[in-house]
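Written out below as structure tokens is the structure these notes cover.
Please treat every number below as a calculation from the coordinates, not as lab data. Only a predicted model underlies this, so the values are computations on that prediction, with no experimental measurement involved. Don't worry about glycine lacking a Cβ; one is built from the backbone with ideal geometry, like all the others, and counts go over all protein chains shown.
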Amino acid sequence: MIYPLPAVMVSCGANEAEYNIITIAWTGTLCTNPPMCYISVRPGRHSYNIIKKNREFVINLTTKELAKATDWCGVKSGKNVDKFKAMHLTPGKAQVVNAPTIEEAPVNIECKVTEIIPLGSHDMFMAEVVHVQADERYLNSQTNAFLLGDAGLVNYAHGNYYEQGKHIGRFGYSVQKKKKGAKGKRQTK
Ligand SMILES: Cc1cc2nc3c(=O)[nH]c(=O)nc-3n(C[C@H](O)[C@H](O)[C@H](O)COP(=O)(O)O)c2cc1C
């Protein structure tokens, strides 16, 4: 019930014949330094054994344009179908891992598994982030900071997909001092 979450497409496989995509909502950041994240996968998934064997995967963030493919890759098994081909997605070359990236995704996060923790229904793959590729459209050319607010990322909440919503404020806005000269309340007629 901890929502919203991202719905990411996780790509895996050490060679083209093995390439697969699994949609994952049970994912998140674990640590800043070293950069670490996790995905939780049911052992019955076709992707489970691929990730367990190769100990690497790529987390691909999803956008409104990728929402249909995200859902499809989350209801079909790679046991029977080539999801890259079926969804017209392009496997790209990752910098560090052998698993493919999804070229159409705005951000590709390359991960190496450090630990597999059986929890019950799902096993948690704890992983170190070894490389991140981001579409240049979402990088500030001066500071190299991500401008992911512009990417139209997908949220997933209780069985439904949503487009990113209205901007509320920047990190720390609750404690930010008002600029000199700014009046308390704007008067409207
Ligand atoms: C939005 C969404 C989120 C999902 N999250 C997870 C998840 O966190 N862990 C998991 O094991 N399966 C999750 N699934 C289910 C798998 O993506 C699905 O079973 C998929 O068909 C498995 O593909 P595979 O057999 O090719 O590995 C999710 C599905 C959807 C649609």
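Numbers below:
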quantity	calculated
From phi via Karplus (6.51, -1.76, 1.60), per-residue ³J(HN,Hα) for the range 23-40 in Hz, x at Gly/Pro	7, 9, 9, 7, 8, x, 7, 10, 7, 7, 9, x, x, 9, 9, 9, 9, 10
Zero-based 5 Å bins, Cα pair distances in the chain, whole percents	1, 7, 15, 18, 20, 14, 9, 5, 3, 2, 2, 2, 1, 0
Selected from Tyr161, Tyr173, Tyr138 as most flexible by GNM, with the chain as the system and alpha-carbon contacts under 10 Å	Tyr173
Positive-end residue, the range 70-131 charge dipole about Cα centroid, Cβ charges, pick of Ala105, His131, His88	His88
Max mean-square fluctuation residue, GNM over the chain, Cα-Cα springs under 10 Å, options Ala134, Ala94, Ala145	Ala145
Within a Gaussian network of the chain (alpha carbon springs, distance under 10 Å), most fluctuating of Ala127, Ala25, Ala157	Ala157
Sparse-neighbourhood loop sites, trypsin sites (Lys or Arg not before Pro) in the range 65-102 - DSSP loop, at most 15 other Cβ within 10 angstrom	Lys79, Lys93
Sparsely packed GluC sites (Glu not before Pro) within the range 97-178, loop by DSSP, other Cβ within 10 Å at most 16	Glu103
Under-5 Å amide H pairs with Thr114, H placed in peptide plane, nonlocal only	Met126, Ala127, Glu128
Computed [θ] at 222 nm, helices only, for the chain once each DSSP H run of length n ≥ 4 contributes -39500 (n - 2.57)	-2500 deg cm²/dmol
Nearest-20 debye value, the chain charge dipole, Cβ charges on Lys, Arg, Asp, Glu	1360 debye
